[in-house]
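None of the figures in this text is laboratory data; all of them are computed from the coordinates on show. Remember, it's a predicted structure, so these values are computed and weren't measured experimentally. So basically every Cβ, Gly included, is an ideal-geometry build from the backbone, and we count neighbours across all protein chains shown.
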Amino acid sequence: MNAQDKTPLAVEVRQLIELRGPMPLSRYMSLCLTHPEHGYYMSRDPFGVAGDFTTSPEISQMFGELIGLWAAAVWQSMGAPETINLVELGPGRGTLLVDALRAAKVVPAFEQAISLHLVETSPVLRELQRLKLGQTETIRWYESVEDLPPEPAIVVANEFFDAIAINQAIKQADGWYERTVTVDGSGELVFGTSKAPLPEFEQTLPESVRGAPLGAIFEWRSNRVAYELARRVRLGGAALIIDYGHTRTDVGSTFQALRNHSYDDPLGAPGLADLSAHVDFEALAHAAASLGARVHGPVEQRVFLINIGIEKRALGLKSGSPERAAEIDSALARLTAEGETGMGQMFKALALSDPKLASLPGFGD
Ligand code: SAH
């Protein structure tokens, strides 16, 4: 018995392929993450030491607090409307929002104006969010970004876009072939390619990747969420997107699986590992701008956090709780770490806004 036999989703993926043929990578990734029964996010809390990965809000309260103050400043620059939709995409355990709402209390009129709208597909995580936030707040949940009310909004999305399914194409002598997931002779899931090249693919690519060498992989994801956010912020407000990724569109596969804090084979244990891919911030910005949103950044997470005052906040926290000084310093160092794998550099912040908002805190614009 091979490793894939052990997961119920592997059996289902194999059956689907036998019935309908190889599936695009995006279909495989969506099934692995959000299959109603066996999807990675649908049945578990993946965060923290016992889980598969740790996100910024889980590292320190400072992250959510500063984003709460960022949102308050955006609300003020909108003219302090009496009501404002505060939206989070993929709130995980709800930690960021709890910290943000606590910090928002320093601007009481903002706190009172907030109505909370959460986009969350996982019933387990919705329940965790309800437990954390539900006592004090009226919250509405949505399955997808399309369902959000078409109203002005302040949106936060930390590590949401990396979970949106990607497609890949491989360049061969006679064109670009879509990468698929298929089954080999022994019944193992393996990568494959479409039978025919994707029509006129090279011409649709950004100039920087046209003329890529043979064997190059190009990765892209649907612009659906970027478009939905652009439409809403054009009515008023802004969306803050923080994730790991690159500022320029380039070739190369970033499709990855994380299990127990280690990298794993993305085809090895469908439904049991977190699958993700880096965010192409240039493509995201381009899509949102094409619908009239103003784009701010991207800037590295460390730059964004320092600009909005994380060092000052760390000092304040330490003077209030000197016994926690080492823990606070290490969280600060981790969130702002430089180097290719440092969170401060690998993660970027990008904001989309109403074109009327010429500058936003944190972006130096
Ligand atoms: N923002 C949180 C969690 C990041 S993990 C944090 O920083 O800790 C990704 C989150 O997005 C989870 O809450 C997951 O359930 C949710 N999610 C993933 N794919 C989704 C989809 N297609 N629709 C809605 N929510 C999704």
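Tell me the angle of helix 25-34 to the major Cα principal axis of the chain, expressed in degrees between 0 and 90 and rounded to the nearest ten.
So the inclination is approximately 50 degrees.
What is the Cα radius of gyration of segment 162-229 over 2.2 N^0.38 Å, N being its residue count? Spell out each step's value before the answer.
Numbers: Rg = 13.9 Å, N = 68, 2.2 N^0.38 = 10.9 Å.
In units of the 2.2 N^0.38 Å rule of thumb, it is 1.27.
Give the lysines whose C-alpha is closer than 22 Å to that of LYS132, dropping any in the same chain fewer than 8 places away, or say none.
LYS132 reaches LYS105.
Taking only the alpha carbons of segment 43-85, what extent do you get along each of the three principal axes, in Å, biggest first?
43, 24, 9
Which of rounded, prolate or oblate describes segment 260-312 when judged by the alpha-carbon gyration tensor and an a/c cut-off of 1.5?
Because a/c hits 1.5 or more and a/b fails to exceed b/c, segment 260-312 counts as oblate.
Quick check: net charge around MET23, other residues with Cβ under 14 Å of its Cβ, Lys/Arg +1 and Asp/Glu -1?
+2
Among GLU311, GLU151, which comes first, second and so on when ranked by fewest other beta-carbon atoms within 10 Å?
Details: GLU311 12, GLU151 15.
Final ranking by Cβ density, sparse to dense: GLU311, GLU151.
Cα axis of helix 123-133 to longest principal axis of the chain: angle in degrees, 0 to 90, nearest 10?
It is inclined by approximately 10 degrees.
Taking LYS356 as the anchor, which aspartates and glutamates have their alpha carbon closer than 18 Å to its alpha carbon, excluding any fewer than eight residues away along the same chain?
GLU151, ASP365
Students often check this: by mean Cβ neighbours within 10 Å, which of 295-307, 202-214 ranks highest, and how do the rest follow? All intermediate terms of the calculation are to be shown ahead of the outcome.
Numbers: 295-307: 22.3, 202-214: 11.8.
Ranking, from highest mean packing down: 295-307, 202-214.
Using alpha carbons only, what's the Rg to Rh ratio of segment 277-365 with Rh from Kirkwood? Mind showing how you got there, number by number?
Working: Rg = 15.7 Å, Rh = 14.5 Å.
Expressed as Rg/Rh, it is 1.08.
Give me ILE217, ILE84 sorted ascending by neighbouring Cβ count inside 10 Å, so fewest comes first.
Going from least to most buried by this count: ILE217, ILE84.
Report the rotationally averaged projected area of segment 1-77 based on its alpha-carbon convex hull, in square nanometres.
8.4
Please state, to two decimals, what the Cα-based radius of gyration of segment 203-263 comes to when divided by 2.2 N^0.38 Å (N = residues).
Relative to the 2.2 N^0.38 Å estimate, segment 203-263 comes out at 1.50.
Compactness ratio of segment 126-244: Cα Rg over 2.2 N^0.38 Å, N = residue count?
1.47
How do 248-255, 70-77 rank on mean C-beta neighbours within 10 Å, highest first?
Ranked from most to least packed, the peptides come out as 70-77, 248-255.
Do the sum for the chain: with -39,500 (n - 2.57) for every DSSP H run of n ≥ 4, divided by all residues, what is the mean residue ellipticity at 222 nm, to the nearest 500 deg cm²/dmol?
Mean residue ellipticity at 222 nm (helix-derived): -10000 deg cm²/dmol.
For LYS318, go through the aspartates and glutamates and keep the ones whose alpha-carbon is under 14 Å away, minus same-chain ones fewer than eight residues off.
Filter leaves GLU327, ASP329.
How far is helix 325-335 tilted, in degrees, relative to the longest principal axis of the Cα atoms in the chain, given as a value from 0 to 90 rounded to the nearest 10?
The angle comes out at about 50 degrees.
Per 10 Å bin, what percent of the C-alpha pairs of the chain does each bin hold, from zero upward?
Computed distribution, short to long bins: 5, 23, 32, 25, 11, 3, 0.
Give the long-range amide H neighbours of ILE84: residues separated by 5 or more places, or on another chain, with amide H under 5 Å away, using H modelled in the peptide plane at 1.01 Å from N.
ILE114, SER115
I'd like the projected area of segment 189-308, averaged over all directions, using the convex hull of its alpha carbons. Report it in nm² with one decimal.
Details: hull surface 41.3 nm².
Mean projected area for segment 189-308: 10.3 nm², to one decimal.
Using only alpha carbon positions, build the gyration tensor of segment 1-150, then give the equivalent ellipsoid semi-axes as the square roots of 5 times its eigenvalues, largest first, whole angstrom.
Working: eigenvalues 270, 59, 30 Å².
Values for segment 1-150, descending: 37, 17, 12 Å.
Which value, in Å to one decimal place, does the Kirkwood hydrodynamic radius take for segment 318-360 when every pair of different Cα atoms is included?
12.9
Enumerate the amide H contacts of VAL190 below 5 Å, restricted to partners 5 or more residues apart or on another chain; note that Pro and chain-start residues carry no placed amide H.
THR182, VAL183, ASP184
How charged is the neighbourhood of VAL251? Take every other residue with its Cβ under 9 Å from the Cβ of VAL251, and add Lys/Arg as +1 and Asp/Glu as -1.
Around VAL251, the surrounding residues sum to -1.
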